[in-house]
1. Kindly indicate whether T390 is buried (at least 24 other Cβ atoms within 10 Å of the Cβ), polar (S, T, N, Q) and within 20 Å of G484 (Cα to Cα).
2. So, in the stretch 562-599, of the ones that are open to solvent by 90 Å² or more (accessible area, probe 1.4 Å) and of a type in the set (V, I, T), which residue ends up modelled with the lowest pLDDT?
3. If you go through the stretch 430-456 one residue at a time, how many are within 15 Å of Y374 (Cα to Cα) and surrounded by fewer than 24 Cβ atoms within 10 Å (Cβ to Cβ)?
4. A311: surrounded by fewer than 14 Cβ atoms within 10 Å (Cβ to Cβ), out of contact with any Leu (no Cβ under 6 Å at 6 or more places or on another chain) and either modelled with pLDDT under 90 or not β-branched (V, I, T) (or both), yes or no?
5. Go through the residues of the stretch 227-238 one by one and say whether even a single one is under 24 Å from the mean Cα position of the chain (by Cα), more than 20 Å from S112 (Cβ to Cβ) and at pLDDT 90 or above.
6. Please work out which one of (1) among the polar types (S, T, N, Q); (2) crowded, with 20+ Cβ neighbours inside 10 Å; (3) under 45 Å from the mean Cα position of the chain (by Cα) is the condition S108 fails and give its number.
7. So, S545, is that one hydroxyl-bearing (S, T, Y), at pLDDT below 75, farther than 22 Å from V436 by Cβ and buried (at least 17 other Cβ atoms within 10 Å of the Cβ) or not?
8. Taking the conditions exactly as written (crowded, with 17+ Cβ neighbours inside 10 Å and modelled with pLDDT of 95 or more), does R425 satisfy them or not?
Amino acid sequence: MKQPIFPRSSVLVLGPNSIQSLVPSTLISQAESLLESHRLEDAYNLADQRRKKLEESINIDEDEAEELRYVYQRIGFQCFTETLFEDAGKHLFNGELDPRLLISYYPSLRGSLFSADDAIDVFAGVTEHMPMEGSVDDIIRNYSPHLAPNTLSAPPTAELRKILGMAAKEMLIGFLKKSRTRRSVARGMGAASGAIDTVLVKLYAEFEKTNDLYALLETPNDVSLPEIEPVLQETGQYNALCMLYKQRGDDLKLLDVWAKLIEGQWTDSDIKDPLSQMINLLTEKRDRALTSLLMPKDTGKRRERPEEDIALLEQIQEANPTAGAQYLEYLVLQRRSTSKELHIKLALACVDQVLSYLKDDAVSKLWRAKASSYASSRNDSSFLSYFASTTPDSAHKRARLKTILLLAGSSFYDPEKIRLRLLEREKILKLELAIVDGKLGKHRSALHILVNDLSDSTSAETYCTLGGDIVPPKLAQSIAEDAGIQVWATTLFGLPPTTKSVNGKAVPSATSLTRLKTVNEDLKKELLRILLEVYMDVEQSDRASHLLNAQAVNLDILDVISLVPSNWPINMMTSFLSRSFRRTLHSQQEGKIIKNISAGQNLEVKDRTWDILREEGAVIEEAAEDDDGTEEEGGPQSFDEKVLGEKVTLQVAPSDLVPGVDGGLVKTVQARLGGPDVGVDDLR
């Protein structure tokens, strides 16, 4: 049974008209007495001793805990009145004070968070001793000493008020942070959650605690956006403002912030590239309303007409070829145009730029040396990866990588035209020729270039796996990032950018110019067979053996046997043969199992239908014979049950024969009994 919280006495004094007792003083009475005599330190110690004793007990008495909360709140507000803000925050937190009550003393922070109808439950004794001033500034002003000429203008008191004001806000930050942590543990604080988060954001912005501000906004929060917007704008925290707009899905305001950053009205070092972010958002949303707000109507209409883009491009190229090349890249990569004319123009421009660099002997010698070095060394990586990682960063390197990415990622240019242009330097641009041959469907030529000319078995096997593509999307992304040309990979291969948004979530992927294709299994097997033939032609037995062992499931054993030279040692094909035989045996045994299961099911159906057919009976009609041996027509005659080979007709509906047996099965039974044109009334 729970003991009451009231003090108990073991000494009673009986009088003629009364009973008196000697009771010990309560925690509240002791604390009140100490506070009235201004013995704050003793009051602290008393409350802390009782709290430790309460925490040590197994079963916490809620009444005692409530008494302790009352005492801590009394001590906290006493310290708050005397501008001992650090102690006040600690004791008010221990007393589990509603954060809104403390926020109410900061008019500049509470804003319009509270209305006149809001109410908070507070201990009556605490209410009587709360500061009567309306704000913490008034408390500080009343506590400041009087100095000439007055408290407001005297330099020492002005400095003191500034220090105390900072201390009051620092105390509030600590109190709200701990209250927010308590809220996360307790899973909610009701209406106080919004006030805590909103005021914390204001304080972080005011004190320029940017990391704390971002950390708060990256977690689930109840921030009041109308309260926060003007504060973040005044303090220049535009990145935090963008985070909130993204969380709330307010794309219009988000674009407005980015537009002002692009125009230079606002600056924020944490927002690296607002223009790219704006383009990514517009591309992702594909909302004409958003686009029309940023662009004139006539421009928006022009964007829907590729022929106008081409006409404008030609005008720009006539005026400034360099600007024309940049605009062409913008149309294909930023605007993601699918115009075949624009893609062939960009492909030809990239190839021409590469050819112009190759006129420099130093560049052509460097690229030849890279190809020779790769062919002479044992590399598990592809030639493209080797070239990108070992070639020093330069304009000619980036030009070649752009060309390779465009040829591999785009499907809107004419490969034949590009191939004719590449043949001018075919001895150096082998990889580019292989890519174009793959686009043209010349698989044997492409694989021969990769295996024989480049010694790039990795790319050759990738070519077969991807159904004719040499550059995997992940490799494209990797080399594009290293070379600083990410947009070429994200647009042409439909890859997401690796950077993350300010809230830690991945940015949505860009829209690809080409759909991801599903590799046809027959094509894959055909390409692997061609690759095996190429390996055999160039006498690369090691690579051929590796291919057999790695792709045994996609190679037919009969095709392989016909290609393998007679002088090959059997141990080079042991793994391939054993796995092929194992699969063949598995398929054979699986077929037998399925056949036997089907036969068992057929027997089960026959057994279920036989008794039913016997019970339903049948009528056997046969011609009657007269005395001279001629047949005459007549009604049903007696019969022997053994005579069941005659034609019979079932007199029941297919659905009534056997529950669960479909009509197709009944028709099969009828057919086996001789046809559906005679009855079965007497079938026994």
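1. Spelling it out, it is not the case that T390 is buried (at least 24 other Cβ atoms within 10 Å of the Cβ), polar (S, T, N, Q) and within 20 Å of G484 (Cα to Cα).
2. It comes out as I570.
3. Within the stretch 430-456, the subset within 15 Å of Y374 (Cα to Cα) is 430-431, 449-456.
The next check asks that each one be surrounded by fewer than 24 Cβ atoms within 10 Å (Cβ to Cβ); those that pass are 430, 451-455.
The total comes to 6.
4. Yes, satisfied.
5. The answer is no; no qualifying residue exists.
6. That leaves (2) as the condition not met.
7. For S545, the condition - hydroxyl-bearing (S, T, Y), at pLDDT below 75, farther than 22 Å from V436 by Cβ and buried (at least 17 other Cβ atoms within 10 Å of the Cβ) - is met.
8. When the stated conditions are applied, R425 does not pass them.
The values are calculated or read from the model by the stated rules, or taken from the named source; none is laboratory data. Please read these numbers as outputs of a predicted model, since none were measured by experiment. Methodologically, a virtual Cβ is constructed for each residue, glycine included, from the backbone with ideal geometry; neighbour enumeration extends over all protein chains shown. These area figures cover heavy atoms from the full protein model, side chains too; ligands, DNA and RNA do not enter into them. Shrake-Rupley method; radii C 1.70, N 1.55, O 1.52, S 1.80 Å.
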